[in-house]
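Just so it is clear, none of the values below were taken in a lab; they were calculated from the coordinates. From a predicted model like this one, the values you see are computed outputs, not experimental measurements. Because the Cβ atoms are built from the backbone with ideal geometry, glycine has one as well, and the counts that use them run over all protein chains shown.
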Amino acid sequence: MERIKTFREFYPFYLSEHSKPMTRIFHFIGTFLIFVVIVYVIWSGKERFLWYIPIFGYGFAWFSHAVYEKNKPATFKYPLWSLISDFKMFFELLTGKLKFKS
C-alpha cells in the first residue's frame, strides 16, 4: 500500500480501520479518560497521575484493535495523524457528527 501523504486522505482510512462499533466505543472511552486525568491533574496538582494518559489512550485503543477490529493500529505507521484522528473522532462521536455504528 502506498504511503498516505495528507491528513485529508488519512482520516477516511482511519475511520475504515475503526469501523466496528466496539472499536469506536473503546477509543471514545480511552480518550474520555484522558480528559478526566488531565482535569484531575489540573484540579489536584498531582502530576504523578499523568502516566495514566498513555495507559488509557493506548490501552483501550490497542485492546479494541486486537479483539474487535483484528487489525494493527494505524498509530504504528502514522503516529501523529492517528493521535489527531483519535481526538477528531472523539469529538465527532460526542457531537453526533459521526455514529458509533458505521
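Before moving on, here are some points about what is shown:
- Some residue of the stretch 34-57 being aliphatic (A, V, I, L, M) and closer than 16 Å to S85 by Cβ: yes
- Scanning the stretch 17-45 for residues that are of a type in the set (S, T, Y) and within 16 Å of L93 (Cβ to Cβ) yields a count of 3.
- Selection within the stretch 78-99 - in contact (Cβ under 8 Å) with a residue 60 or more places away in the chain and over 18 Å from F35 (Cβ atoms): Y78, W81
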